[in-house]
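Below is one structure; the comments refer to it alone.
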Amino acid sequence: MKMHKRFFKTMREELLFTTDTLWNNEVASNLFVARLLIYTAAIALLILLLSVLKVFSINNQVMLQYLGVAIIVLLAAAGICSHLKGERKWLKGMLLIVYVLVLSTLHMALGHNIVLCLVFPVVISVRYYSRVLTIFISVLTILTYLLASYAGIVYGIMRMDMNMAVVPGGTVLTSPDAFNVRDVLDPSLVDNHQMFLRFLQHSFLPKLVLFLMIAVICVLIAHCGRMSIYAQKAETEKTERIATELNLASEIQFSVLPRLFPAFPECREVALYASMTPAKEVGGDFYDFFFVDNSHLAMVIADVSGKGVPAALFMMVARTLIKNRTMMGGSPSEILYDVNNQLCEGNDAELFVTVWLGILDLTTGEGKAANAGHEHPALRTADGEYQLVIYRHSPAVGSMEDIRFREHAFSMSPGDSLFVYTDGVTEAANAEYELFGTDRMLEALNKEPDASPEQLLANVRSGIEEFVRGAEPFDDITMLAFKYFGAKER
């Protein structure tokens with residue numbers, strides 16, 4: 001009982017529920033069936049011509065009557081569908097019903113010559129992915145086939161699709177070909193009732209078994225097709241939901257990074273520009289810059305291990321911890337020591353972050369920096385070229401507790417520039433898996449060494465794009481350029 005309720009519930013949902021994909025498929029299917037009706041009409045016209053030429057050994061008058069009407073009906077139905085562009089819910093029923101009725105009517109005249117074609121509408125109905133429709137067309141085909149056969153036998157229209165007929169007295173007539181009994185006997189001698197029973201026994205029932213097998217297969221295929229579309233719709237909705245969430249996460253991520261440039265329009269000592277291009281919707285890189293006090297500027301660039309949402313979440317936590325700890329004061333090594341211990345607490349995902357942190361006194365040009373497993377920065381002195389500043393790294397932040405980070409002092413003179421970046425720059429790869437590398441990066445920087453920080457980043461970005469030539473990025477690309485003008489110059 002429960003199975004029957006579930007079945008009819010599913011049928012009802014199938015009738016009422018649809019999707020854009022199913023509707024688009026229904027419109028396309030209507031137009032497809034309309035074309036089939038035209039092809040069928042063309043074949044019927046060919047048969048009509050061949051019958052007139054007496055290629056077929058059948059009654060030409062019957063062919064003229066039924067094939068002529070069939071051609072008109074088929075073309076009319078196809079014309080209506082084409083005029084409406086297939087965009088009506090009732091078209092599928094009309095098209096398939098017309099197809100069934102036309103074929104069944106022709107069967108009434110042609111008998112076994114047309115019976116195989118009766119399965120066509122059932123097979124075609126599968127294209128709509130509707131069990132209800134396929135079952136309906138199957139039942140309709142059986143009923144019209146039976147009624148057409150009965151009418152054909154009783155009214156003497158059908159050529160028998162078996163080689164036997166019973167006449168009074170039990171005499172059995174046999175012929176090597178299908179024939180119309182009334183062509184050779186007085187109609188009053190033909191036992192219509194017995195003839196129809198023999199038709200059911202010897203022709204209809206065997207064909208019915210085969211037809212039902214085909215119909216069941218078609219129903220199952222239609223159901224599987226619809227379930228596949230439902231699953232595809234659910235997957236699409238899931239993908240769209242994830243994409244929406246990722247877009248929101250990306251907006252949140254970018255919103256926490258400084259994006260207003262020039263960064264410090266009232267500060268005449270520096271010019272600064274930064275950018276981040278994530279490889280996915282959200283990234284694990286970040287940059288930051290802010291004043292610790294009136295004269296000390298902190299600059300941070302970092303790269304979280306991993307990709308996607310986990311890296312982005314870890315990035316936001318690391319950025320917040322670094323900024324908050326830096327604002328409390330202390331040297332870069334002390335700041336990273338405390339941040340490292342905090343990130344190691346409960347780090348079940350075992351993520352870590354490489355960090356370059358520098359604090360510069362704008363009044364003197366003196367600064368201190370700590371490099372926790374990050375890329376070597378590139379420094380340019382006034383009127384010189386960019387060169388890598390290579391020194392020994394400390395381990396990445398979050399890799400283990402109680403790490404003592406190395407720290408080094410640096411000095412900047414008016415006109416000096418600094419460029420820091422993540423490994424997404426040097427490890428950008430082309431289709432041949434060649435890396436962009438530090439040499440090409442320095443070449444891009446020195447193309448216009450005295451350019452503004454914004455133009456400098458644009459030159460590096462252009463160099464990367466020209467090198468990779470459309471290859472999909474593997475890693476986030478984050479860059480920060482800083483130019484020092486001195487305490488009293490600019």
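Examine the range 385-407 for a residue that is in the same structural domain as residue 269 (by TED's automatic domain parsing) and more than 30 Å from residue 352 (Cα to Cα), and state whether such a residue exists. Checked the range 385-407: at least one residue is in the same structural domain as residue 269 (by TED's automatic domain parsing) and more than 30 Å from residue 352 (Cα to Cα). Restricting the range 359-386 to residues that are touching a helix residue (DSSP H, G or I) at 6+ places or on another chain (Cβ under 7 Å) and of a type outside the set (Phe, Trp, Tyr) leaves a set whose member that is farthest from residue 323 (Cα to Cα) is 378.
Against the criterion of being modelled with pLDDT of 85 or more and more than 25 Å from residue 482 (Cα to Cα), residue 203 does not qualify.
Just checking, which of 402, 416, 423 is at positive phi, touching a residue at least 12 places away in the same chain (Cβ under 8 Å) and out of contact with any helix residue (DSSP H, G or I) (no Cβ under 6 Å at 6 or more places or on another chain)? Step through it out loud before you land on a result.
Working: 416 fails: at positive phi; 423 fails: at positive phi.
Of the residues listed, the single one that is at positive phi, touching a residue at least 12 places away in the same chain (Cβ under 8 Å) and out of contact with any helix residue (DSSP H, G or I) (no Cβ under 6 Å at 6 or more places or on another chain) is 402.
Here residue 390 meets each of (1) surrounded by 17 or more Cβ atoms within 10 Å (Cβ to Cβ); (2) part of a loop (DSSP other than H, G, I, E, B) with one exception, condition (1).
Selection of the range 461-490 for residues being free of Cβ contacts under 8 Å to residues at least 40 places away in the same chain and touching a helix residue (DSSP H, G or I) at 6+ places or on another chain (Cβ under 6 Å) yields only 463. Report yes if some residue within the range 243-253 is within 30 Å of residue 312 (Cβ to Cβ), at pLDDT 85 or above and more than 17 Å from the chain's Cα centre (by Cα); otherwise report no. The answer is no, given that none of the residues of the range 243-253 is within 30 Å of residue 312 (Cβ to Cβ), at pLDDT 85 or above and more than 17 Å from the chain's Cα centre (by Cα). Whenever a residue of the range 117-146 is outside the structural domain of residue 23 (by TED's automatic domain parsing), it has no partner that is part of a loop (DSSP other than H, G, I, E, B) lying with C-beta atoms less than 7 angstrom away and at least six residues away or across chains. Scanning the range 347-373 for residues that are part of a loop (DSSP other than H, G, I, E, B) and buried (at least 24 other Cβ atoms within 10 Å of the Cβ) turns up just one, 352.
Among residues belonging to the range 1-40 that are at pLDDT 90 or above, out of contact with any Asp or Glu (no Cβ under 7 Å at 6 or more places or on another chain) and of a type in the set (A, V, I, L, M, F, W, C), point out the one that is farthest from residue 235 (Cα to Cα). For the range 1-40, the residue satisfying everything is 38. If the condition is being closer than 21 Å to residue 423 by Cβ and surrounded by fewer than 21 Cβ atoms within 10 Å (Cβ to Cβ), then the range 293-318 contributes 305, 306, 307, 308, 309, 310, 313, 316, 317. Of all positions in the range 430-445, at least one carries a residue that is over 23 Å from residue 307 (Cα atoms) and of a type in the set (Asp, Glu). Which ones in the range 418-436 are of a type outside the set (Asp, Glu), over 16 Å from residue 481 (Cα atoms) and assigned to a loop (DSSP other than H, G, I, E, B)? Those that are of a type outside the set (Asp, Glu), over 16 Å from residue 481 (Cα atoms) and assigned to a loop (DSSP other than H, G, I, E, B): 428, 430, 431, 433, 436.
Identify the residue in the range 443-455 that is crowded, with 19+ Cβ neighbours inside 10 Å and touching a residue at least 40 places away in the same chain (Cβ under 8 Å) and, among all such residues, is farthest from residue 264 (Cα to Cα). Checking each candidate, the answer is 445. Scanning the range 92-104 for residues that are crowded, with 21+ Cβ neighbours inside 10 Å and free of Cβ contacts under 8 Å to residues at least 60 places away in the same chain yields a total of 3. Of the residues in the range 291-308, at least one is in a helix (DSSP H, G or I) and of a type outside the set (Phe, Trp, Tyr).
The values are calculated or read from the model by the stated rules, or taken from the named source; none is laboratory data. In this text, all values refer to a predicted model and were calculated from it rather than measured experimentally. We place every Cβ from the backbone using ideal geometry, glycine too, and count neighbours over all the protein chains shown.
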